[in-house]
Amino acid sequence: MTAVSTAATPLATPPSLALATKIITSRGVAFALDPAAPTDKGELAFSLWKATFQAINTSPIGDGETGDDAARWKTIDRLEADILADLAPTPRAAERKLWVALAHDGSLTDGSDNAAACSENLSHFIALGDALDWNVRFHVGAIAALRRAQGRA
């Protein structure tokens, strides 16, 4: 069962978001979006992206190229296009893009790193410190700066 709540006015769901919901629920992966969080399309797309990306990372299929994983990757591509197209001039919109970029960074090879990116667990990456490649450290530093700008340090 998929529970998607929004603020007072429901959002018009782009086809890619409807597809993500269908694929996630077809595999029995249920998720609920915080009623206070998805108040815009960018946040909704990001919430669906995180759930879909996490489903791939925990998939028993593992190859990412066949079956449900292949469909999930197509959904992720569409959601990422929605996230990238969100040009809201806010620190949160920029932060969402950085989390997606971080999750796709080729130097992250530990499954816990992907899980941390999907859950926006900044402290996970900060704790790794100098063990991270420079490109990841820059992503982490930018996210930390954006959070401070939002008063969410």
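The numbers here are math on the coordinates, done by the rules we state, and not lab data. All figures in this text were calculated on a predicted structure; none of them were measured in a lab. Glycine also receives a Cβ, built like all others from the backbone with ideal geometry; neighbour counts cover every protein chain displayed.
The table that follows gives values for the structure above.
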| item | result |
| --- | --- |
| HN-Hα J in Hz across the range 116-127 - Karplus 6.51, -1.76, 1.60, θ = phi - 60°, x for Gly and Pro | 5, 5, 5, 9, 6, 8, 5, 4, 4, 6, 4, 5 |
| Relative packing of peptides 142-152, 115-125, 95-105 - highest average C-beta neighbours within 10 Å first | 95-105, 115-125, 142-152 |
| Relative packing of peptides 130-137, 51-58 - highest average C-beta neighbours within 10 Å first | 51-58, 130-137 |
| ³J(HN,Hα) computed for each position of the range 129-137 - Karplus, 6.51 cos²θ - 1.76 cosθ + 1.60, integer Hz, glycine/proline x | x, 5, 6, 7, 5, 4, 4, 5, 4 |
| Long-range amide H partners of A88 with built H, under 5 Å | none |
